[in-house]
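The structure under discussion appears below in the form of structure tokens.
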Amino acid sequence: MWKTKPAWCQPYSIVATGVLATATPVNVLHLDERVAGWFGTLSTTVVGAAVLAWWFLFLYVVPREYERSVEAFREDRRRRGGGDAP
């Protein structure tokens, strides 16, 4: 599946963007101690949870469903006598 995706949609770029997005509230909000504390922790937690959901979706669910789709297509082609290539 990854061969068909552009560079910005590769696993390494998804992970790097997630790490950067999670580190941003820490670095931006924690520079000023008046803003730090509960708000900095909350924003980092919210962003981190969103990144984990994003990673789960795009690095686990989508490739698995893509593979299932390809296998179903191949099985359908075999049943119809059309070969094995998608």
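If we sort 9-21, 63-75 on the protection proxy, mean other Cβ atoms within 10 Å, highest first, what's the order?
So the peptides 9-21, 63-75, ranked by packing, come out 9-21, 63-75.
Rounded to a whole number of µm²/s, how large is the Stokes-Einstein D of the range 10-80 at 4 °C and 1.567 mPa s, given Rh as the Kirkwood radius over C-alpha pairs?
Result for D is 89 µm²/s.
Every read-out reported here was derived from the displayed coordinates using simple, explicitly stated rules and does not represent laboratory data. Just so it is clear, the model here is predicted, and its values are computed rather than measured. Positions of Cβ are generated from backbone atoms using ideal geometry, with glycine treated the same way; all protein chains shown enter the neighbour counts.
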